[in-house]
1. Counting just the residues of segment 216-244 that are exposed (fewer than 12 other Cβ atoms within 10 Å of the Cβ) and more than 21 Å from residue 204 (Cβ to Cβ), which one comes out farthest from the chain's Cα centre (by Cα)?
2. Among the residues of segment 48-78, which ones are part of a strand (DSSP E or B) and in contact (Cβ under 8 Å) with a residue 60 or more places away in the chain?
3. Among the numbered criteria (1) under 30 Å from residue 175 (Cβ atoms); (2) touching a helix residue (DSSP H, G or I) at 6+ places or on another chain (Cβ under 8 Å), which single criterion is violated by residue 70?
4. Would you confirm, using the coordinates I've provided, whether residue 197 is within 28 Å of residue 45 (Cα to Cα) and under 18 Å from the mean Cα position of the chain (by Cα)?
5. Might you let me know whether segment 24-41 holds any residue that is part of a helix (DSSP H, G or I), farther than 21 Å from residue 142 by Cβ and at pLDDT below 95?
6. Do you know which residues across segment 99-114 are within 30 Å of residue 85 (Cβ to Cβ) and touching a residue at least 60 places away in the same chain (Cβ under 8 Å)?
7. Which number in (1) part of a helix (DSSP H, G or I); (2) surrounded by 21 or more Cβ atoms within 10 Å (Cβ to Cβ) marks the one condition that residue 159 misses?
8. Of everything in segment 3-28, what is over 18 Å from residue 171 (Cα atoms), touching a residue at least 60 places away in the same chain (Cβ under 8 Å) and out of contact with any strand residue (DSSP E or B) (no Cβ under 9 Å at 6 or more places or on another chain)? Give them in sequence order.
């Protein structure tokens, strides 16, 4: 999509500088991220390696027993290509007892549990490493609410949260992410055979084009439909944006005092430490 074109050299430089500034001004020099075998985490790993040096980046692979073998293989390709450190933590022994206690759990509930367990592991390793956790959710996913609250949406710093999926694909090609990750169908690998686009009900390409018009260009749903997009899909995307707003906010605090965190007291991050 021509409207989403962006200078990739400038984008890479901006995101690497962003990572260095946001992490180092808080007093940290190392970062931790989950390596899913997907393109989003791969791109973040490459950006982090450039920002901090690969020796200061820890990628954590966290497969479940039903996870695709390809996901782990692709995560290892990222490690080899970027040079970052890595560990593998099998989450099955941690989470299977809870699943056995709740045999009627839906795929959604099981997927949410796995996403939150993985984030627990990342934050624990961040404490061990004296590091910050990097987020790997892109703008398309964030706007659609396609994430688990306090799971994959939880992080200290997210360098790709304002990149549509199209940007992620283009920058990944530019920065050297292995083609195996770029060419495959996106999947959160939360259950066997799961793909993002199948679950969403539309392609990322279509989502990007509609979201860009609704969000960046502030067009109405009616105006987007007039450009030739399906009314059903435009309205579906608009509903997803509205109903997932709570995921994009910090917990709402009831105000009873003179100054309340998140309302009229906001600590400027650029104060540093």
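The values are calculated or read from the model by the stated rules, or taken from the named source; none is laboratory data. As the structure is a prediction and not an experimental result, all values here were calculated from the model. Every residue, glycine among them, receives a Cβ derived from its backbone with ideal geometry; neighbour counts consider all protein chains shown.
1. The residue in question is 226.
2. Listed by number, the residues that qualify are 58, 60.
3. (2)
4. Yes, satisfied.
5. Looking only at segment 24-41, we keep the residues that are part of a helix (DSSP H, G or I), and these are 24, 39-41.
Applying the additional criterion that residues be farther than 21 Å from residue 142 by Cβ yields 24.
Cutting the leftovers down to at pLDDT below 95 gives us 24.
For segment 24-41, residues part of a helix (DSSP H, G or I), farther than 21 Å from residue 142 by Cβ and at pLDDT below 95: present.
6. Within segment 99-114, 110, 111, 114 meet the criteria.
7. (1)
8. Selection gives 25, 27.
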